1. Give me the one-decimal nm value for the distance between modelled label points at Leu53 and Phe98, 7 Å along each residue's Cα-to-Cβ direction.
2. Tell me, what is the per residue accessible area of region 47-101 in Å², probe radius 1.4 Å?
3. Leaving ligands, DNA and RNA out of it, rank Lys100, Lys6 by accessible area with a 1.4 Å probe, largest first.
4. Modelling each spin label as a point 7 Å along the Cα-to-Cβ direction, I'd like the Ala83/Asn70 distance in nm, to one decimal.
5. Considering only protein heavy atoms, what is the solvent-accessible area of Met59 at a probe of 1.4 Å, reported in Å² to the nearest 10?
Amino acid sequence: MFEKMKGFVSSVKEKANAKMLVAPALAAGVAAVSSVTAFAAEGDTTAGNLPNLAITTDMLSPLVEGVTANIAVILPVGIGIFAIFLGIRILPKLISKFTKV
């Protein structure tokens, strides 16, 4: 029985060692492939023809107001749900601790 367990453990170790070699090999492959410049522009490009767009605070104010309104609604609900989950986790431990004393 001990020999079977020893054989099983050694086979698991061999598989783990093989998997541990795969990760560095994949990382090296990703590093080699990503070193190629994907969008290199040479010569004349059309990027110079794009209009110059300036973002002002007036443009961003509806976005900021929307985010603020959503946070004002979601935050109290989120805190309530967090408190419920925390109470479900802590209350049984406290009750069992004080009832054993």
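1. Output for this residue pair reads 6.0 nm.
2. On a per-residue basis, 95 Å².
3. On the way: Lys100 170, Lys6 120 Å².
Reading off the accessible areas and sorting them downward yields Lys100, Lys6.
4. 2.5 nm
5. 110 Å²
The values are calculated or read from the model by the stated rules, or taken from the named source; none is laboratory data. No experiment lies behind these values; they were computed from the predicted model shown. Methodologically, a virtual Cβ is constructed for each residue, glycine included, from the backbone with ideal geometry; neighbour enumeration extends over all protein chains shown. Surface accessibility is based on the protein's heavy atoms, side chains included, excluding ligands, DNA and RNA. Shrake-Rupley method; radii C 1.70, N 1.55, O 1.52, S 1.80 Å.
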